[in-house]
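What follows is a set of notes on a single structure, which appears directly below.
The values are calculated or read from the model by the stated rules, or taken from the named source; none is laboratory data. Not measured: the values here are computed from a predicted model. With ideal geometry, Cβ positions are generated from the backbone for all residues, glycine too; neighbour counts draw on all protein chains shown.
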Amino acid sequence: MKDDLKILTSNSSRTVLDGLASAFERAGGRRYSVEFDSAKSMLARIVGGETGDIVILGTAALADLEKLGTVRPGSRRPFARSRVGLAVRSGAARPDISTVDAFKRALLDAKSVAHTVHGASGMYVPVLLERLGIAAQVKPKTITRPGGYIGGVVASGEAEVAVQQIVELKAVPGIDIVGPLPDEIQQVIETAAGIFSSSSQPDAAEELIRFLLSPAAAGVFREVGLEQAAT
């Protein structure tokens, strides 16, 4: 029996990998398992020695892992692109975020604003607030979590709005996505996939990456809120 392939990745890739697992097994009779964490935490785990067959993280992180020799030279390729958005509790009034000024007003008017700390979008939010000149006003009403799907605190009523990658917001029931951030302040987060140098089955790992980036898989990327990288 063939060994399962193991993927280490961040939370933003969770839904697309879950959505494609059964199709990959049907196509070749092989399965894969996935370990998820916030982007920052997963990178630390890998640098600390955790390994598998495939890693999917931010493009800069993959480049660094390849330089360290953790990722097999030449195996790295673009995986997906995602955008940051804002969400409210299901049925709540949706603020106008169509312009930068409207987005600023939405955050200033909100009773509470939620974001993660270690996720790719979570690390961007404090930078964005400083850029918009509203960090001091928003900080006292900010609710954070280390990682994971921050939309859960909006669904539970603990926070009024959440800012995170749309792919992660879409994974949470009980919230409505208002839309993406305006283009002028949008953060397009790009991920890449690579094969661990320590993988005992690099050919099978390469086959899995090709499957994930095939045209047949593009629809699942779109469904969960990602854009498949061009192959």
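Quick notes on this one:
- Of residues in the range 37-63 being under 23 Å from Glu168 (Cβ atoms) and among the charged types (D, E, K, R), the one modelled with the lowest pLDDT: Lys40
- Any hit, the range 97-105, residues being surrounded by fewer than 18 Cβ atoms within 10 Å (Cβ to Cβ), touching a Leu at 6+ places or on another chain (Cβ under 9 Å), of a type in the set (A, V, I, L, M, F, W, C) and farther than 22 Å from Ser12 by Cα: yes
- Glu184 vs. criteria touching a strand residue (DSSP E or B) at 6+ places or on another chain (Cβ under 7 Å), surrounded by fewer than 22 Cβ atoms within 10 Å (Cβ to Cβ) and modelled with pLDDT of 95 or more: no
- Exclusive hit being part of a helix (DSSP H, G or I) and in contact (Cβ under 8 Å) with a residue 12 or more places away in the chain, set Ala193, Ala204, Ala162: Ala204
- Only one entry in Leu57, Leu20 is over 19 Å from Ala162 (Cα atoms) and part of a helix (DSSP H, G or I), namely Leu20.
- Checking each residue in the range 207-231 for being in contact (Cβ under 8 Å) with a residue 60 or more places away in the chain and polar (S, T, N, Q) picks out Gln228, Thr231.
- Residues within the range 191-230 that are touching a helix residue (DSSP H, G or I) at 6+ places or on another chain (Cβ under 7 Å), more than 18 Å from Arg26 (Cα to Cα) and of a type in the set (A, V, I, L, M, F, W, C), tallied: 6
- The one condition from (1) within 29 Å of Pro73 (Cα to Cα); (2) under 16 Å from the mean Cα position of the chain (by Cα); (3) surrounded by 16 or more Cβ atoms within 10 Å (Cβ to Cβ) that Glu227 does not meet is (3).
- Residue in the range 154-166 that is at pLDDT 95 or above, closer than 23 Å to Leu43 by Cα and either of a type in the set (A, V, I, L, M) or touching a Pro at 6+ places or on another chain (Cβ under 6 Å) (or both) present: yes
- Flag if Ile177 is under 30 Å from Pro73 (Cα atoms) and among the β-branched types (Val, Ile, Thr): no
- Flag if Gly157 is within 30 Å of Arg76 (Cα to Cα) and either in contact (Cβ under 8 Å) with a residue 60 or more places away in the chain or assigned to a strand (DSSP E or B) (or both): no
Per-residue answers, yes or no, for (1) modelled with pLDDT of 95 or more; (2) within 30 Å of Gln201 (Cα to Cα); (3) touching a strand residue (DSSP E or B) at 6+ places or on another chain (Cβ under 9 Å):
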position	(1), (2), (3)
Arg72	yes, yes, yes
Arg81	yes, yes, yes
Arg94	yes, no, yes
Ile97	yes, no, yes
Val100	yes, no, no
Ala106	yes, no, yes
Val113	yes, no, yes
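- The residue that is surrounded by the most Cβ atoms within 10 Å (Cβ to Cβ), counting only those in the range 1-17 that are outside any helix (DSSP H, G or I) and among the basic types (Lys, Arg), is Lys6.
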